[in-house]
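The values are calculated or read from the model by the stated rules, or taken from the named source; none is laboratory data. Since this is a predicted model, take the numbers as computed values, not measurements. Backbone-built Cβ (ideal geometry, glycine too); neighbour counts: all protein chains shown. Note: areas computed on protein heavy atoms with side chains; ligands, DNA, RNA excluded. Shrake-Rupley method; radii C 1.70, N 1.55, O 1.52, S 1.80 Å.
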Amino acid sequence: MTTKLNIKVNEHVSAVSAAPDTPLLYVLADELALKGPRFGCGLAQCGSCSVLVDGVETRACVTPVASVQGKSVTTLEGLPAWYARQHKLPQAPAMHPLQQALIDEQALQCGYCYNGMIIKGAELLARNAAPSDAQIRQAMNGHLCRCGTYPRILRAISRAAAVIAGERT
Ligand code: FES
Ligand code: FES
């Protein structure tokens, strides 16, 4: 049964109308017009729908919208501002450093996995500023890229870590 729910997405509290068990992904797309998270498998297997919930990467395709009430959801659209808050920057950059690193490494082809790779990579970099190659591979293990660009995505995450540390531009 449809009901009114208040959810906090990208630092704004929005009133939405949905059945409590509606996947968060549908509410983000249909009620809030946030198209960054993408529908892939619908089974928590690919990562294309990922968002951050209280800073933790979460599969929005299997997350009931009611379960995020009282929590803070960040989508790809809100990631630069989330990064700015993490690093106490006076204003949000145009992109999270990982987004720029993916461009610099020419890491993506069709781009369908882009959302999940960035959300998971950003989560990793927030808790581990200098991840090893093995730690990056382990963190990204549940994110699928049907174009097989994994090596370049992994390089982009390392590059973003170095940029955030001020070791390269
Ligand atoms: S669409 Fe959610 S994990 Fe694949
Ligand atoms: S670039 Fe096509 S799915 Fe990853």
### Query
Using r as the Cβ-Cβ distance of Gln86 and Lys35, and R0 as 35 Å, what FRET efficiency do you calculate, to the nearest 0.05?
0.90
#### Entry: For the chain, convex hull volume per residue from C-alpha positions, Å³
106 Å³
## Note on the structure
Asserting the computed 222 nm helical MRE of the chain (DSSP H runs at least 4 long, -39500 (n - 2.57) per run, divided by residue count, to nearest 500) equals -10000 deg cm²/dmol
#### Entry: Calculated P(r) tail over 17 Å for segment 78-164, as whole % of Cα pairs
42 percent
### Query
Hey, got the dipole for segment 13-61? About the Cα centre, +1 on K and R Cβ, -1 on D and E Cβ, debye to the nearest 20?
180 debye
### Query
Between His12 and Val56, how many nm apart are label points set 7 Å from Cα along the C-beta direction?
2.7 nm
### All aspartates and glutamates inside 20 Å of Lys8 as judged from Cα atoms, apart from same-chain residues fewer than 8 positions distant
Asp21, Asp30, Glu31, Asp54, Glu57, Glu77, Glu123
### Query
Binned at 5 Å from 0, what are the whole-percent values of the Cα-Cα distance distribution for segment 3-76, short to long?
4, 19, 33, 29, 13, 3
### Task
Over segment 4-90, with every protein chain in place, what whole percent of the accessible area is carbon and sulfur at 1.4 Å, could you tell me?
54 percent
### Query
If each of Gln135 and Leu43 carries a label point 7 Å out from its Cα toward its Cβ, how far apart are those two points in nm?
3.3 nm
### Task
Return the FRET efficiency for the residue pair Cys147, Lys4: r is the Cβ-Cβ distance, R0 is 30 Å, and the value is rounded to the nearest 0.05.
0.15
### Message
Please compute the per residue accessible area over the chain with all protein chains in place, 1.4 Å probe, rounded to a whole number of Å².
### Response
50 Å²
